[in-house]
Amino acid sequence: MDINSFSISISKEQLSTLPTVEFPGAITVIETLPDALAALRYLRTQKAVGFDTETKPTFRKGQTNTVALIQISTLDHSFLFRLNKLGFFTELREFMECEEVMKVGLSLKDDFHVLHKIAEFEPRNFIDLQSIVKSFHISDSSLQKIYGILFNGRISKSQRLSNWEASQLTSGQMAYASIDAWACLRIYYYLLSGSFEPESSAYIVHSEAADYPEDEN
């Protein structure tokens, strides 16, 4: 097979047949500054973490909300920082700017855009998966589809439009938020390990038949 003659993409129909992904680790919801500082001390001992954000959806034209949640996850422990209760505190800004820990996310430009509405910071040592997967012939850009291609699992989006500013997060919200950050890190390590062989993927689409992928973060 000509290495440049194909791309890898999964359809919505194929994705819908895959088993739903469950978060395999511990989840800690953080609502107080002492708990946040303890979590960040632990996260600073990691070489890499997964990163994502959630914002309460708005259904009125022209109305916007600020980021309610930042998810930072290792492969076995997710930390959910409730910014609507904590604010964007100094130590969190320092973590976002630290060089020692790699932060892996997807569509990070969008995350930074909404975060910059509430605080100034200079993101350092962030890796966007969208800049990596292309070198593996993966043309899809959504986390759900990338994960499906690599692991044959489907990340549920049922909680995406839920209220992230609720007084208490539901178990469904906690799992959804944790999976997104964790999945970014799992994908990164998997691709970095060399375990994925694009030529052997079940989702190969030859270029002349490929459709333009949909961006569904």
Please work out how much accessible surface Asp128 shows to a 1.4 Å probe, ignoring ligands, DNA and RNA, in Å² rounded to 10. 40
Residue-wise HN-Hα coupling along the range 113-125, computed from phi with Karplus coefficients 6.51, -1.76, 1.60 (Hz; x: Gly, Pro): 4, 6, 5, 5, 6, 10, 7, 8, 7, 10, x, 10, 6
Convert each backbone phi in the range 83-90 into a coupling constant with the Karplus relation 6.51 cos²θ - 1.76 cosθ + 1.60 (shift: θ = phi - 60°), then list the ³J(HN,Hα) values in order as whole Hz, x for Gly and Pro. 5, 5, 10, 8, x, 8, 7, 4
Quarter of the surface of the C-alpha convex hull for the range 1-99, i.e. direction-averaged projected area in nm², equals 11.1
Can you compute 3J(HN,Hα) from phi for each residue in the range 96-106, using the Karplus curve 6.51 cos²θ - 1.76 cosθ + 1.60 with θ = phi - 60°, rounded to whole Hz and x for Gly and Pro? 4, 9, 6, 8, 6, 10, 7, 10, 10, x, 9
Using +1 on the beta carbon of Lys and Arg, -1 on that of Asp and Glu, and nothing else charged, what's the dipole of the range 102-159 about the Cα centre, debye to 20? 200
If I fit a long axis through the Cα atoms of helix 33-43 and take the longest principal axis of the Cα atoms of the chain, what angle between them do I get, 0 to 90°, rounded to 10? 40
Over the range 41-128, with a single point scatterer placed on each C-alpha, what log10 of the ratio I(q)/I(0) does the Debye formula yield at q = 0.13, 0.16, 0.24, 0.26 1/Å? -0.41, -0.62, -1.38, -1.61
Per residue, how big is the convex hull around the C-alpha atoms of the chain? Give it to me in cubic angstrom, could you? 132
If DNA, RNA and ligands are ignored and the probe is 1.4 Å, what is the ranking of Tyr176, Tyr190 by accessible area, most exposed first? Tyr190, Tyr176
What percentage of all Cα-Cα pairs in the range 100-217 are separated by more than 19 Å? 54
Computed label-point distance, nm, for sites Arg160 and Val114 using a 7 Å Cα→Cβ extension: 1.2
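The values are calculated or read from the model by the stated rules, or taken from the named source; none is laboratory data. The shown structure was predicted, so the numbers you read here are calculated from the model rather than taken from an experiment. So basically every Cβ, Gly included, is an ideal-geometry build from the backbone, and we count neighbours across all protein chains shown. SASA here: full protein model, heavy atoms, side chains in, ligands and nucleic acids out. Shrake-Rupley method; radii C 1.70, N 1.55, O 1.52, S 1.80 Å.
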